[in-house]
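Encoded as structure tokens, the structure appears first; notes follow it.
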Amino acid sequence: MKKYLSCIVVILLITLSCTKEAVYEPDTVKPVIKVFYPLDNPAIDQGYPLCMKVLITDNRSLVDVWLQIDDGHGFKKTYPVTGRSIEIIEKYTAPQNVHGQLSAWFYATDDTGNMSAEEIRFVMNN
């Protein structure tokens, strides 16, 4: 009986020591947005697409990823994300009569609200 009692005590002590509250540090690391192309402020002729490739990563988990382009027409595209990274290859063709210097912005938010943005500048020719 003493043998069983000491085994029960040991099991209880092990169980109690494993149930301590874990201490987590808050996530303050923003997602990283790496642009592969374009890199050099390209000039795009009307009717041709701007080709973009980006890799977005986070140390824990991405929640929202989207692209906005300041073309005067409210272009916005969201991407479904699960996990810690997403590779995006996007082709954007500007509407007729859009010309001049434009910016495409990729945004990313992680599961704790940290947000990053990266700009891609380009010129639309007539």
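Every number here is computed from the coordinates shown, using simple stated rules; none is lab data. As the structure is a prediction and not an experimental result, all values here were calculated from the model. A quick note on method: Cβ atoms are made from the backbone with ideal geometry, for glycine too, and the neighbour counts reach across all protein chains shown.
Remarks
- Qualifying residue in the stretch 64-87 (condition: more than 16 Å from K34 (Cα to Cα), assigned to a loop (DSSP other than H, G, I, E, B) and among the charged types (D, E, K, R)): yes
- Candidates V98, V54, V35: the one that is of a type in the set (V, I, T) and in a loop (DSSP other than H, G, I, E, B) is V98.
- Close contacts from the stretch 95-107, counting a first residue that is touching a residue at least 12 places away in the same chain (Cβ under 8 Å) and closer than 15 Å to V35 by Cβ and a second that is part of a strand (DSSP E or B) and among the basic types (K, R), with Cβ to Cβ under 6 Å and a gap of 6+ residues or different chains, come to S103/R121.
- Hits in the stretch 49-76 (condition: loosely packed, with under 13 Cβ neighbours inside 10 Å and touching a residue at least 12 places away in the same chain (Cβ under 8 Å)): P49, G72, H73
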